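Quick notes on the structure that follows.
The values are calculated or read from the model by the stated rules, or taken from the named source; none is laboratory data. None of these values were measured; they are calculated from a predicted model. Ideal geometry is used to build each Cβ from the backbone, glycine not excepted, and the neighbour counts take in all protein chains shown. Just so you know, the surface numbers come from the protein's heavy atoms only, side chains and all, with ligands and any DNA or RNA stripped out. Shrake-Rupley method; radii C 1.70, N 1.55, O 1.52, S 1.80 Å.
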Amino acid sequence: MDHPLRTHRLAPSDIELPALGSTEEVPALGKVIHLRFFSTSGSAYWLLAEYDPESGIAFGFAEVVPGCGEWGSFSVAELSDLFVRPPCPVWIERDFFFTPKPFRCVTR
């Protein structure tokens, strides 16, 4: 279930995203990042390069602990469900101002 205050899907079906494994031959710096997700606390982010809509699994770059980012798979469904209750509510959002670009051009 999505966060109750979110009015959008993290990975909407109207955005065409590369299938999992389809950019395997592309070097990391050249992989196109299509979506950026971030925690409302501002401390973590996930960059999506490939996606499987059936499983909700994505491949990309994630930095949950500042300075300790890495490439790998993550579940967009789990990100969508993540909600830490008050007193400090935190959930994951999609960056609507992000435009697709190669990883080497992405800044936090």
Of all residues in segment 69-106 being in contact with a His (Cβ under 9 Å, 6 or more places away or on another chain) and among the hydrophobic types (A, V, I, L, M, F, W, C), the one that is farthest from residue 23 (Cα to Cα): 83
Sole exception among (1) surrounded by fewer than 12 Cβ atoms within 10 Å (Cβ to Cβ); (2) more than 22 Å from residue 83 (Cα to Cα); (3) without any contact (Cβ under 8 Å) to a residue 24 or more places away in the chain for residue 26, by number: (1)
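Condition first: β-branched (Val, Ile, Thr) and open to solvent by less than 30 Å² (accessible area, probe 1.4 Å). Now tell me which residues in segment 29-74 satisfy that. Before the answer, list the steps.
We begin by selecting, within segment 29-74, every residue β-branched (Val, Ile, Thr); these are 32-33, 40, 57, 64-65.
The answer is 33, and nothing else.
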Segment 71-93 residues that are more than 23 Å from residue 13 (Cα to Cα) and touching a residue at least 24 places away in the same chain (Cβ under 8 Å), paired with ones that are of a type in the set (Gly, Ala, Ser) and part of a helix (DSSP H, G or I) (beta carbon under 7 Å, 6 or more apart): 71/28
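Which of the residues spanning segment 16-47 are small (Gly, Ala, Ser) and outside any loop (DSSP other than H, G, I, E, B)?
Filtering segment 16-47 for residues small (Gly, Ala, Ser) gives 19, 21-22, 28, 30, 39, 41-44.
Passing the criteria: 28, 30, 39.
Take the residues in segment 4-23 that are small (Gly, Ala, Ser) and at pLDDT below 90, then tell me which one is least open to solvent (accessible area, probe 1.4 Å). Show your work before the answer.
Taking segment 4-23 as the starting set, the residues that turn out to be small (Gly, Ala, Ser) are 11, 13, 19, 21-22.
Filter once more, so that each one left must be at pLDDT below 90: 11, 13.
On the way: 11: 14, 13: 122 Å².
Once the filter is applied, the top-ranked residue is 11.
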